[in-house]
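The values are calculated or read from the model by the stated rules, or taken from the named source; none is laboratory data. These numbers come from a predicted model, not from an experiment. As a convention, Cβ positions derive from the backbone with ideal geometry for all residues, glycine included, and neighbour counts pool all protein chains shown. Accessible surface is based on the protein model in full, side chains and every heavy atom, while ligands, DNA and RNA are left aside. Shrake-Rupley method; radii C 1.70, N 1.55, O 1.52, S 1.80 Å.
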Amino acid sequence: MEHETTAELNQQANQQANDRADKQDHERDERADADYRPSARQQERERFRRARKRRNSVIAALCTLAGLLAVGAAAVASPGWDRVHSLFLNGAEFRKTLPAILDGFWLNIQMFLVAEVLILALGLLIALVRVTRAPGLQPLRLAATLYVDVFRGVPTLLLVFLVGFGLPALQLQGTPSQPWVLGVIALVLSYAAYVGEVFRAGLNSVHPAQRNAARALGLSETQTLRRVVLPQAVRNVLPPLLNDFIALQKDTALVAVLGPLEALRVAQIKADYAFNYTPYLGAALLFIAVTIPLTRYADRLQRRSALRTWAEAGQ
């Protein structure tokens, strides 16, 4: 009993000594931070870096402006500029047709959102089937591989034609007849093959030690997949996924060949009616207004992913 009491007193004394030492170290670090003053050479180096950054920014802005002016001057000085201006840059025609094109563009957005959800689900399912190693799932793996090979090899426009005109011709009960629905089905079939491969790359990028560690902690195979593997895999492939969806958003215009009044189809009707191509420019501007923010966001995610990779490599 006496030995236990002595040991407890020694432990408390050691703990108090450690706390005092930590506190002194913390106070010493704070004083060092407060007293820190960069050296003259360091201040000169920082001034040089700021000046170089400002100079590079000015040079980049001037070069960009000069390039734009050169392209604009070359276009205006071209022999057919007046005809191009009247056919493609007609302000009155632009203002007259933009509301109708905007209504059609809403259908493009709806098709994009519906297709995106279905593509994510189907692509993830294909990827999970392809990475599994269970012998009983070999037929499914072969079917998933064949699906990816076939639908990645068929041009999306050709697939829109085949689904849009071939599926209703089967006259099966319950077959959708709306052109935009058939177009979404074609887009889902095409893009799910690409997205499935992106997901598969993400699943394969997770180190096997992560899975082994999760199983060692007692997680089941499903819990390991859902809580450990999938979050890392999705994070690793988020930038290429966004790139695929940017392309998908543009390819919704391919559905115009089936007849729904989306932005491209409306612009085509307006252009044929007035013999002026300015509505095409309006439709293009609407697509650009959506794709540019998505592209910048994808670039930001890629930069963050690169920084995270460098930080992990430096550890």
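Suppose each label sits 7 Å from its Cα in the direction of the beta carbon; what would the S39-L261 distance come out to in nanometres?
7.4 nm
Which whole-number value in Å² is the accessible area per residue of the stretch 186-315, probe 1.4 Å? Don't skip to the answer; put the middle values down first.
Details: 7000 Å² over 130 residues.
Accessible area per residue: 54 Å².
How much of the accessible area of the stretch 239-295, in percent, comes from carbon and sulfur atoms when a 1.4 Å probe is used?
Values: 1700 of 2500 Å².
The value for the stretch 239-295 is 68 percent carbon and sulfur by accessible area.
May I ask for the net charge around V129, where only other residues with Cβ less than 13 Å from the Cβ of V129 are counted and Lys, Arg are +1 while Asp, Glu are -1?
In short, +3.
Which lysines, on any chain, are close to K250 with Cα under 29 Å apart, when same-chain ones fewer than 8 places away are left out?
Here the lysines satisfying the reach criterion relative to K250 are K96, K270.
Using Cα Rg over 2.2 N^0.38 Å as the read-out, say which of (1) 1.37; (2) 1.01; (3) 1.55 was calculated from these coordinates.
Among (1) 1.37; (2) 1.01; (3) 1.55, the one derived from this structure is (3).
Highest GNM mean-square fluctuation, the chain, Cα pairs closer than 10 Å: which of R200, R28, R50?
Highest fluctuation of the listed residues: R28.
In degrees from 0 to 90, rounded to the nearest 10, what is the angle of the helix 40-77 Cα long axis to the longest principal axis of the chain?
Helix 40-77 sits roughly 0 degrees off the main axis of the chain.
Considering only C-alpha atoms, what is the centroid distance from the stretch 15-33 to the stretch 260-282, in Å?
73 Å
Please determine, in degrees from 0 to 90 and to the nearest 10, the orientation of helix 138-153 with respect to the longest principal axis defined by the Cα atoms of the chain, where the helix direction is its Cα long axis.
50 degrees
Roughly how much of D149 is accessible, in Å² to the nearest 10, using a 1.4 Å probe?
90 Å²
Leaving out ligands and nucleic acids, and using a 1.4 Å probe, what accessible area per residue does the stretch 1-147 come to in Å²? Can you show the working numbers first?
Details: 11470 Å² over 147 residues.
Accessible area per residue, the stretch 1-147: 78 Å².
I need the calculated FRET efficiency for the pair A201 and A13, taking r as the beta carbon distance and R₀ as 45 Å, to the nearest 0.05.
0.20
Solvent-accessible area of L107, probe 1.4 Å, all protein chains present, reported in Å² to the nearest ten, please.
Answer for L107: close to 30 Å² accessible.
What is the distance, in nm, between label points placed 7 Å from the Cα along the Cα-to-Cβ direction at A121 and at K53?
4.7 nm
What is the percent carbon and sulfur in the accessible area of the stretch 90-220, measuring with a 1.4 Å probe over the protein chains and ignoring ligands?
That fraction is 68 percent.
Rounded to the nearest 10 degrees, what's the angle between the helix 278-314 long axis and the longest principal axis of the chain, both from Cα atoms, 0 to 90?
20 degrees
Once the Cβ-Cβ distance between V234 and D82 is put in as r, and R0 is 45 Å, what FRET efficiency do you end up with, to the nearest 0.05? Don't skip to the end; give the middle numbers.
Numbers: r = 53 Å, r/R0 = 1.17.
Once the sixth-power term is evaluated, E becomes 0.30.
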